[in-house]
1. Being outside any loop (DSSP other than H, G, I, E, B) and closer than 25 Å to residue 317 by Cβ is the filter here, so list the residues in region 282-301 that pass it.
2. Can you pull out every residue in region 238-267 that is surrounded by fewer than 24 Cβ atoms within 10 Å (Cβ to Cβ) and farther than 30 Å from residue 45 by Cβ?
3. Go through the residues of region 104-113 one by one and say whether even a single one is in contact with a helix residue (DSSP H, G or I) (Cβ under 9 Å, 6 or more places away or on another chain), within 30 Å of residue 254 (Cβ to Cβ) and surrounded by fewer than 19 Cβ atoms within 10 Å (Cβ to Cβ).
4. Residues 252, 271: which one is assigned to a helix (DSSP H, G or I) and in contact with a strand residue (DSSP E or B) (Cβ under 7 Å, 6 or more places away or on another chain)?
5. May I ask you to verify whether residue 163 is assigned to a loop (DSSP other than H, G, I, E, B) and assigned by TED's automatic domain parsing to the domain that holds residue 323?
6. Only one residue in 73, 88 is in contact with a helix residue (DSSP H, G or I) (Cβ under 9 Å, 6 or more places away or on another chain) and either outside the structural domain of residue 266 (by TED's automatic domain parsing) or in a loop (DSSP other than H, G, I, E, B) (or both), so which one is that?
7. Out of 282, 270, report the one residue that is farther than 25 Å from residue 64 by Cβ, in contact (Cβ under 8 Å) with a residue 24 or more places away in the chain, more than 14 Å from the chain's Cα centre (by Cα) and outside the structural domain of residue 165 (by TED's automatic domain parsing).
8. Quick check on my filter: what residues within region 34-66 are touching a residue at least 40 places away in the same chain (Cβ under 8 Å) and under 22 Å from residue 81 (Cα atoms)?
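The values are calculated or read from the model by the stated rules, or taken from the named source; none is laboratory data. Here the structure is a predicted model, which is why all the values come from computation and not from measurement. Don't worry about glycine lacking a Cβ; one is built from the backbone with ideal geometry, like all the others, and counts go over all protein chains shown.
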């Protein structure tokens, strides 16, 4: 083969080779042990390498703001819709159009402006002492303000975003006045000062210090896996009400493509994959959460807790009304 023809053939062969898949960089507020198995599975499926940094959501968002256009991050992955809403409000995310995400993520679990999408569901519900309470005694979140629960209620501190988001959602549903009356009733019924986390509150219920508390269900799953004989059970509140918003208050972990992503197409493909049937169980099961994709069956441990009706208020309200919720809880004496 003449030399010029050889050069031409080599150049054509090089062009024909598939381009190396571009890495995707994720800033994650979820712990490494929860996300690395997912990213490893994605790499096996696609050949795309996922580089990630883990930290609390506050420092990650501060880092995104400081880095601006120079950020290496393509995806922000975090927990609680309040945090995702804040990231969007601060201009850290970009709007994306995805038929896949529109199909896989129910409308109340994603941003109306398509800047973030839920990837797993976390239900905040009631856990009670089975020796002290009958399911028939329980009904709604609001009923926990009834004087019959005086000295029988335990709560986690109001400082945690999970309770702030719950109260924000209730402001959307009932208005500030009724929600404040309810929170004041909760505080009047406390058996002891609020606990630093859901697990401590459940342990107090199991020990008989109080009879009922409010928790995210995955904390219940973790505790019962370690101590299966504890006299604790889940109750799904607000199931028999007629208003459209009735149901268990849910929140999400989720993700969005960063505003200055260097690989926005790759970032979107990763989020789409995380919402798929194949990935959803991996994403939700590892933390005993519920799949956001309604076509995917929960882990058997989670499924054993029973079915429930979700409250369909868009979870963005957990962010947009969070400042009001914090002020309300402070006025009500919820520490």
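1. From region 282-301, those outside any loop (DSSP other than H, G, I, E, B) are 282-285, 290-291, 300-301; that's our starting set.
Selection gives 283, 284, 290, 291.
2. Those that are surrounded by fewer than 24 Cβ atoms within 10 Å (Cβ to Cβ) and farther than 30 Å from residue 45 by Cβ: 238, 239, 240, 241, 242, 243, 244, 245, 246, 247, 248.
3. Keep residues of region 104-113 that are in contact with a helix residue (DSSP H, G or I) (Cβ under 9 Å, 6 or more places away or on another chain), which gives 104, 109-111, 113.
Those still in the list that are within 30 Å of residue 254 (Cβ to Cβ) too: 104, 109-111, 113.
Filter once more, so that each one left must be surrounded by fewer than 19 Cβ atoms within 10 Å (Cβ to Cβ): 113.
For region 104-113, residues in contact with a helix residue (DSSP H, G or I) (Cβ under 9 Å, 6 or more places away or on another chain), within 30 Å of residue 254 (Cβ to Cβ) and surrounded by fewer than 19 Cβ atoms within 10 Å (Cβ to Cβ): present.
4. Values: 252 fails: assigned to a helix (DSSP H, G or I).
Only one candidate qualifies: 271.
5. Numbers: assigned to a loop (DSSP other than H, G, I, E, B): no; assigned by TED's automatic domain parsing to the domain that holds residue 323: yes.
Against the criterion (assigned to a loop (DSSP other than H, G, I, E, B) and assigned by TED's automatic domain parsing to the domain that holds residue 323), residue 163 does not qualify.
6. Of 73, 88, the one residue that is in contact with a helix residue (DSSP H, G or I) (Cβ under 9 Å, 6 or more places away or on another chain) and either outside the structural domain of residue 266 (by TED's automatic domain parsing) or in a loop (DSSP other than H, G, I, E, B) (or both) is 73.
7. Details: 270 fails: farther than 25 Å from residue 64 by Cβ.
None of the others qualify; the one that does is 282.
8. So the first thing to find is which residues in region 34-66 are touching a residue at least 40 places away in the same chain (Cβ under 8 Å), and the list is 34-35, 37-38, 41-42, 45-46, 48, 50, 64.
Once the filter is applied, which keeps residues that are touching a residue at least 40 places away in the same chain (Cβ under 8 Å) and under 22 Å from residue 81 (Cα atoms), region 34-66 yields 34, 35, 38, 64.
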